[in-house]
Structure formats: structure tokens, C-alpha cells
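Here the structure is laid out as C-alpha cells; the discussion comes afterwards.
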């Protein structure tokens with residue numbers, strides 16, 4: 001993203017998943033190495049752990065939200081990315097991530113942008129709140 | 001803050017592709033097979049949360065079936081163990097990554113783990129919450145610091161009330 005293309009206050013929105021599938025939780029388990037049965041094993045969740053069913057890894061929600069960050073900056077330009085997990089994400093959820101440009105500044109001769117991030121589910125409930133910093137092209 | 005252990009791991013193109021796919025990242029740079037001469041894919045950086053996948057190479061990582069050890073997921077019954085697993089009640093509260101430079105497919109990194117702070121808080125939805133901070137610093141083969149991951153875990157007294 002070029003510095004000339006964005007301004008403070010501007011927002012970007014992306015549907016990062018529509019009708020989240022249990023299979024995606026299995027894919028994330030396999031790729032990340034986090035095989036916690038809470039994310040793939042309904043029987044374990046209901047009868048051993050006391051949850052209504054499987055739910056997404058927080059890191060999957062962070063990863064999906066991160067695709068908005070990398071769409072904006074390009075993966076090689078991301079300098080910081082952090083989130084707080086505020087609500088669980090369940091199969092069937094549709095998540096929309098919003099990035100808001102909070103600051104654009106010169107840093108060590110480079111132009112960087114700070115963005116605020118919020119991802120909400122289909123009911124408007126916030127599941128992730130965070131921020132990212134990335135380098136902009138001149 | 002105490003240093004715990006180090007884990008050295010390769011950042012492999014196929015692993016990055018599987019990871020990108022699993023988070024719905026269809027950037028074509030993650031899906032090319034490389035040049036066929038042993039050089040990795042064209043991606044100039046891994047997805048920002050990829051460093052977490054070092055778990056695959058951590059010999060002590062608790063959330064994976066291990067040879068000769070009971071697994072707490074379901075089989076014939078709802079759990080393969082009688083008591084609650086050691087990870088029970090643990091949820092991920094926060095995660096932060098800071099990149100000194102991009103991590104590229106084809107390189108080898110060493111992750112150094114250390115424990116951060118611990119603190120407590122009361123919550124209406126899940127009882128007493130115990131937070132613990134865990135730091136993972138990633139270094140390249142030349143010993144340069146390339147990334148810091150800071151994770152905050154929370155242990156709840158009871159499952160989070162969904163109401």
C-alpha cells in the first residue's frame with residue numbers, strides 16, 4: 001500500500017470467513033500443530049470439557065484477521081501485529097474484520113502506518129480487538 | 001523472567017502453504033511450488049502469525065498426541081484420560097508479534113522461550129482468572145533477532161459462561 005493512497009481515519013473491511021466450517025478448524029490444527037481437542041472433537045467438548053461444541057483456535061481468528069493486515073501492507077511489510085481475544089468463535093460464524101488507519105508517520109526514514117483492528121461475528125459481537133503497524137511504500 | 005529452552009526449526013515452503021491455506025490466505029506467493037531446483041516458493045514473508053507453528057517442532061508441546069502417552073481427546077469414550085488434562089481451563093487471551101525483519105520460507109530459525117509475568121483477576125463469566133505471559137524470541141542462523149512473540153494465556157476457574 002502506498003502512503004499516498006491512505007489517510008488517517010480511513011477504514012478497510014474484509015469478510016475473513018463466511019460460515020466457518022469445522023474442517024477449517026481441522027486444517028488449522030494440522031498446520032499450526034495445536035491439536036487441542038477443544039477445536040476438533042465435539043464429543044470431548046460436550047461430554048468431557050463442558051462446552052457446547054468445538055470452537056475456533058484464537059490463533060485461527062487472529063490468522064484470518066491477519067489476512068486483512070497483509071492485504072493492506074503486504075506480508076513483508078508487517079512490523080507489529082497484536083490482538084486480544086474477546087469472544088469465542090464457533091462453526092457457522094461469519095467474521096468481518098475492519099481496519100482503521102490511526103496514524104501515519106515517518107520512522108527511521110520510512111513511512112509507517114498504525115491501524116486499529118476489530119473483528120466481529122454475524123451478530124455484531126467483537127471476537128478480536130487489536131492493532132498492527134506496517135511499512136508503506138513511498 | 002527465566003530462559004527455558006530453545007527449539008530450532010526450518011521454515012519450509014510446504015508448511016507455509018498449509019498454514020496459509022488454513023487461515024484462508026490465498027496469496028498466490030504461498031501456493032507456488034518453488035523453482036524445482038531446491039529453491040523455495042516466491043513468498044517474501046510468511047503470514048504474520050506463522051511463527052506460532054513452531055509448536056510442531058517443540059518436543060514438549062502438550063497439545064499433540066505423543067508416543068506412549070495417554071491423549072485426552074475422545075476415542076471409545078469422551079476422553080482418553082480419567083482426570084482433567086493439564087491444559088484444562090487454559091485459554092488464549094492475547095497474542096502479539098513484533099517483526100524486526102520478515103521471516104522467509106527457506107530459512108532456519110531458533111525459538112527461545114521464556115516466561116513473563118503472572119497475575120490474577122476476578123470475572124463474572126468464568127470465576128477467578130490467572131494470566132500468564134510467555135515470550136518466544138526467534139533468531140536466524142547468524143544469531144540476529146528476527147521476531148518476538150508475546151502470548152498471554154488465561155486459566156479459568158470454570159468454562160466461560162456463554163450467556
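The values are calculated or read from the model by the stated rules, or taken from the named source; none is laboratory data. Given the structure is predicted, the values throughout are model-derived calculations rather than measurements. Ideal geometry is used to build each Cβ from the backbone, glycine not excepted, and the neighbour counts take in all protein chains shown.
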Would you point out the residue of the stretch A:83-95, among those that are under 11 Å from the mean Cα position of the chain (by Cα) and surrounded by 19 or more Cβ atoms within 10 Å (Cβ to Cβ), that is farthest from residue A:23 (Cα to Cα)? A:83
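The rows are residues; the columns are (1) exposed (fewer than 14 other Cβ atoms within 10 Å of the Cβ); (2) within 16 Å of residue B:137 (Cβ to Cβ); (3) in contact with a strand residue (DSSP E or B) (Cβ under 9 Å, 6 or more places away or on another chain).
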| position | (1), (2), (3) |
| --- | --- |
| B:63 | no, no, no |
| B:80 | no, no, no |
| B:84 | yes, no, no |
| B:94 | no, no, yes |
| B:97 | no, yes, yes |
| B:101 | yes, yes, yes |
| B:104 | no, no, no |
Pick from the stretch A:31-48 the residues that are assigned to a helix (DSSP H, G or I) and more than 7 Å from chain B (Cβ to nearest Cβ): which of them is nearest to residue A:67 (Cα to Cα)? A:39
Filter the stretch B:44-61 down to the residues that are more than 8 Å from chain A (Cβ to nearest Cβ) and out of contact with any strand residue (DSSP E or B) (no Cβ under 7 Å at 6 or more places or on another chain) and list them by number. B:50, B:59, B:60
Count of residues meeting criterion [under 20 Å from residue B:49 (Cβ atoms) and at pLDDT below 95] in the stretch B:92-131: 7
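Of all residues in the stretch B:48-70 being outside any loop (DSSP other than H, G, I, E, B) and out of contact with any helix residue (DSSP H, G or I) (no Cβ under 9 Å at 6 or more places or on another chain), which is farthest from residue B:8 (Cα to Cα)? Working first, answer last.
Restricting attention to the stretch B:48-70, the residues satisfying the condition of being outside any loop (DSSP other than H, G, I, E, B) are B:50-57.
Those still in the list that are out of contact with any helix residue (DSSP H, G or I) (no Cβ under 9 Å at 6 or more places or on another chain) too: B:51, B:54, B:57.
Working: B:51: 12, B:54: 9, B:57: 8 Å.
So the residue we want is B:51.
For the structure I just gave you, tell me whether residue A:27 is at pLDDT 95 or above, touching a strand residue (DSSP E or B) at 6+ places or on another chain (Cβ under 8 Å) and within 8 Å of chain B (Cβ to nearest Cβ). Before you say what the answer is, go through the steps one by one.
Values: at pLDDT 95 or above: yes; touching a strand residue (DSSP E or B) at 6+ places or on another chain (Cβ under 8 Å): no; within 8 Å of chain B (Cβ to nearest Cβ): yes.
Answer is no for this residue.
Conditions tested, residue by residue: (1) surrounded by fewer than 22 Cβ atoms within 10 Å (Cβ to Cβ); (2) within 30 Å of residue A:136 (Cβ to Cβ).
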residue: A:51; (1), (2): yes, no
residue: A:56; (1), (2): no, no
residue: A:64; (1), (2): no, yes
residue: A:73; (1), (2): no, yes
residue: A:98; (1), (2): yes, yes
residue: A:104; (1), (2): yes, yes
Just wondering, is there one or more residues in the stretch B:80-95 that are free of Cβ contacts under 8 Å to residues at least 12 places away in the same chain, farther than 23 Å from residue A:82 by Cβ and facing another protein chain (nearest Cβ under 7 Å)? no
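Only one of A:99, A:132, A:56 is assigned to a loop (DSSP other than H, G, I, E, B) and under 13 Å from the mean Cα position of the chain (by Cα). Can you tell me which?
From the options A:99, A:132, A:56, the qualifying one is A:56.
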Being buried (at least 16 other Cβ atoms within 10 Å of the Cβ), free of Cβ contacts under 8 Å to residues at least 40 places away in the same chain and closer than 30 Å to residue A:113 by Cα, is that true of even one residue in the stretch A:5-23? no
